[in-house]
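Here's the structure we're looking at; comments come further down.
Only the coordinates and a few stated rules stand behind these numbers; no lab work does. Because the structure is a prediction, the values reported are computed rather than measured. Virtual Cβ from ideal backbone geometry, glycine too; neighbours counted across all protein chains shown.
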Amino acid sequence: MLADLYTKEILHMRWTHFRQGHDMLSSLIQDTSLKIRRPNPPEDMTENMTKFIIQYKDNDPSCRWAKCMGLKGDLYSDKYTLDYPPEVKSFTSDGPCQFGPTKKFGVLYFLDLRKWTENRIVLWRVNLRSDSPEIKAVKVSNTQTMEQQCNSGVRPHIPWNKLYPQIESHCIKVYEGTFEDIFTPTIE
């Protein structure tokens, strides 16, 4: 396996540039009333924010960014097999997260960035695998479950506020805080 070269310094740089771009675009929109959509944070940022939170707040120093290591998926961890790696879903609004119909994961992490502009970040760990009965039974519409949509080749879409109540007993809030505090180890 290759080394994970995505450092804290790289994430700080990416975060700073993303914030600056967001602020510039917000000013432009305010000044001109142009209907320009603000972009979501890129996956390298959200996956690595999650990685560092897992390392520093969830007691898993083995967590690495899979793409840097030449692996499939979002993250790597010694706690999970290569066939069922950690999966990251991030969201900046109440819109739906989507799932690949054949995607396998050993654990889900939801990075809640709805208040990122206020420097508030929340990370949830969902202790369920992609093949768990609880995930398969999640109602993604009035008539279909996650399993039914996946079996028909559809990418299930569900917002966090509809998913969380269905799997709440498997959810653990790993972190709630600022971007800067991601890198401060939790003292136990």
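Just the number, please: percent antiparallel of the DSSP beta bridges in segment 8-183, rounded to the nearest 5.
Once the DSSP bridges in segment 8-183 are tallied, antiparallel ones form about 75 percent.
Please give, to one decimal in nm, the separation of the simple spin-label points placed at Asn151 and His22, each 7 Å out from Cα toward the Cβ.
Here the answer is 4.0 nm between the modelled labels.
Rounded to the nearest 0.05, what FRET efficiency do Ile10 and Lys173 have when you use their Cβ-Cβ distance and R0 = 35 Å?
Rounded to the nearest 0.05, the efficiency is 0.85.
So how far apart, in nm, are the two label points at Lys103 and Thr184 if each is 7 Å from Cα heading toward Cβ?
Computed distance between label sites Lys103 and Thr184 equals 3.2 nm.
Evaluate the charge dipole of segment 8-183 about its Cα centre and quote only its size in Debye, nearest 20, assuming +1 on the Cβ of each Lys and Arg and -1 on the Cβ of each Asp and Glu.
Around 360 debye, computed over segment 8-183.
Can you tell me the relative contact order of segment 126-188? Whole percent, Cα pairs under 8 Å, sequence separation 6 or more.
30 percent
Which lysines have a Cα lying under 19 Å from the Cα of Lys104, excluding residues fewer than 8 positions away in the same chain?
Lys51, Lys67, Lys72, Lys79, Lys89, Lys136, Lys139
Counting helices only, and only those DSSP H runs with n ≥ 4, report the 222 nm mean residue ellipticity of the chain as the sum of -39,500 (n - 2.57) divided by its residues, in deg cm²/dmol to the nearest 500.
Taking each H run of at least 4 residues, the total per residue is -9500 deg cm²/dmol.
So for the chain, taking the charge dipole from beta-carbon charges (+1 Lys/Arg, -1 Asp/Glu), which of Gly106, Ile158, Tyr84 sits furthest toward the positive end?
Ile158
With no solvent and one point on each alpha carbon, what is the Debye value of log10 I(q)/I(0) for segment 9-89 at q = 0.14, 0.16 Å⁻¹?
One equal scatterer on each Cα of segment 9-89 leads to -0.57, -0.68.
Taking only C-alpha pairs under 8 Å that are 6+ residues apart, what is the relative contact order of the chain in percent?
19 percent
Could you work out which residue, out of Ser77, Ser27, Ser141, moves most in a Gaussian network model of the chain, that is, has the largest mean-square fluctuation with Cα springs under 10 Å?
With Cα springs under 10 Å in the chain, the top fluctuation among Ser77, Ser27, Ser141 is at Ser27.
Between Gln30, Gln166, Gln144, which gets the highest mean-square fluctuation from a Gaussian network model of the chain, Cα cutoff 10 Å?
So, out of Gln30, Gln166, Gln144, the one fluctuating most is Gln30.
Could you please report the charge total around Val88, scoring K, R as +1 and D, E as -1 over all other residues with beta-carbon less than 10 angstrom from its beta-carbon?
Result for the local shell: -2.
Quick one: if the Förster radius is 30 Å, what FRET efficiency do Leu34 and Asp78 give, using the C-beta to C-beta distance and rounding to 0.05?
0.05
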